[in-house]
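These notes are about the structure you will find just below.
The values are calculated or read from the model by the stated rules, or taken from the named source; none is laboratory data. Keep in mind it's a predicted model, so treat the numbers as computed, not measured. Here the Cβ positions follow ideal geometry from the backbone for every residue, glycine too, while neighbour counts run over all protein chains shown.
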Amino acid sequence: MKISLHNVVKTFDTFRAVHGISLEVESGELVALLGPSGSGKTTILRMVAGLEFADGGNIYFGAEDATDIAVRDRGVGFVFQHYALFPHMTIGENIAFGMKVSKVKREKSAIATRVTELLRLVQLDGLQDRFPAQISGGQRQRVALARALAVDPKVLLLDEPFGALDANVRRDLRRWLRQIHDELGITTLFVTHDQEEALDLADRVVILDKGRIVQNGTPEDVCRNPANAFVMNFLGDANRLPATIQAGTAHVEGVPFQAPDMVDGKGELFFRPTDIDWREQGEGIPATILRVIDRPDNRRVLARTDGGHAVEFDAPPEFSHGIGAAGHLAIQRARVFAAP
């Protein structure tokens, strides 16, 4: 089932949460809405679900205008961050609940068979008689997904589905979710503020800021070709140095960087901690090491350029330079954007 949003607007009192969003999610695609708190991602998801209604624009499920259709008639499965399981019901009863209250009537035997199938799918065979309090957080989230799938939804919506879990469980569950999606092929839209989660799971990542889409592309697109300074900053660590742009060249503390098609004026040079080589001699921005922090797989070096700007970069474990060492920052894959 394809989802289409055409110029969708949502306002709460005097605050506009979503500014004319247009987006298409292809049938069978898994798309992440990624952005900081207040970017509008959860509001968009709730409008697709029918839990909020748009103040302008249209939402289509396939060719059908679903903008004003009630939530129970949209055919969506919704998974919340905090599970929203019924604590007084067993795992089996939680999964069966949607089928029992659905307008599509099913025989008790068919519901029981479907519960068994879903428990097997989410790898919780044999736990149907336990209560939510008797299983782990990761298992509860699997139950929440099984309950969402029980009604055979046309669209699956996930709102920060792993936000309440610890890092190791989140990592395991998101890879498991990707396997489930590949097996079932349900059109899926999920919200997250976790960049790694979005990049790990999604076919396509939609990055939002202040109710607007700032970039829409594959994980490779958004990582390798950030559209602007916001995306560069939001996706992982980024160093930033002031630049002066003139005739297609950005000058940073006396070092030139290519800036084709950039308008003359003030700019900013962005680069990742992994994009720096430390050199005792040679070309690069002069700098002095302030601190070296050890990590299991590398060393994080904190330095200050001769112009007084802080820079962080990653070095191999055998990096031997210490506090006070002077050298040069040789920057690769730098990107230049106009100053705000």
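Below, the figures for the structure above:
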read-out: Count of the range 264-287 residues which are touching a residue at least 60 places away in the same chain (Cβ under 8 Å) and outside any loop (DSSP other than H, G, I, E, B); value: 7
read-out: Which numbered condition ARG240 fails, given (1) under 22 Å from ALA330 (Cβ atoms); (2) in contact with a helix residue (DSSP H, G or I) (Cβ under 9 Å, 6 or more places away or on another chain); (3) not in a strand (DSSP E or B); value: (3)
read-out: Output for the range 187-226, where each listed residue is in a loop (DSSP other than H, G, I, E, B), within 20 Å of PHE271 (Cβ to Cβ) and free of Cβ contacts under 8 Å to residues at least 60 places away in the same chain; value: ASN225
read-out: Test: residue in the range 65-75 that is within 23 Å of THR188 (Cα to Cα), assigned to a helix (DSSP H, G or I) and basic (Lys, Arg); value: yes
read-out: Meets criteria (assigned by TED's automatic domain parsing to the domain that holds GLN246 and over 14 Å from ASP237 (Cα atoms)) for ARG291; value: yes
read-out: From ALA243, ALA303, ALA287, residue being over 31 Å from the mean Cα position of the chain (by Cα) and at pLDDT 95 or above; value: ALA287
read-out: Pairs where the first residue, in the range 291-304, is of a type outside the set (Lys, Arg) and the second is part of a loop (DSSP other than H, G, I, E, B) and exposed (fewer than 10 other Cβ atoms within 10 Å of the Cβ), C-beta under 7 Å, 6+ apart; value: ASN298/PRO316
read-out: Within the range 75-95, tally of residues that are among the small types (Gly, Ala, Ser) and modelled with pLDDT of 90 or more; value: 2
read-out: Enumeration of residues in the range 313-340 that are aromatic (Phe, Trp, Tyr) and either loosely packed, with under 10 Cβ neighbours inside 10 Å or under 26 Å from the mean Cα position of the chain (by Cα) (or both); value: PHE313, PHE337
read-out: Helices (runs of 4 or more DSSP H) contained in the range 79-173 and holding at least 2 residues crowded, with 17+ Cβ neighbours inside 10 Å and under 21 Å from the mean Cα position of the chain (by Cα); value: 137-149
read-out: The range 3-48, subset in contact with a helix residue (DSSP H, G or I) (Cβ under 9 Å, 6 or more places away or on another chain), among the small types (Gly, Ala, Ser) and not in a strand (DSSP E or B), residue farthest from LEU199 (Cα to Cα); value: GLY28
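Residues are listed down the side, and each one gets a yes or a no for (1) buried (at least 22 other Cβ atoms within 10 Å of the Cβ); (2) at positive phi; (3) at pLDDT 90 or above; (4) not aliphatic (A, V, I, L, M):
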| residue | (1), (2), (3), (4) |
| --- | --- |
| ILE186 | no, no, yes, no |
| PHE190 | yes, no, yes, yes |
| ARG204 | no, no, yes, yes |
| THR218 | no, no, yes, yes |
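For (1) buried (at least 17 other Cβ atoms within 10 Å of the Cβ); (2) farther than 20 Å from PRO340 by Cβ; (3) out of contact with any Leu (no Cβ under 9 Å at 6 or more places or on another chain), each residue gets a yes or a no:
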{"position": "ALA227", "(1), (2), (3)": "no, no, yes"}
{"position": "VAL231", "(1), (2), (3)": "yes, no, yes"}
{"position": "LEU235", "(1), (2), (3)": "yes, no, no"}
{"position": "ALA243", "(1), (2), (3)": "yes, no, no"}
{"position": "GLY254", "(1), (2), (3)": "no, yes, yes"}
{"position": "PRO260", "(1), (2), (3)": "no, yes, yes"}
{"position": "ASP275", "(1), (2), (3)": "yes, yes, yes"}
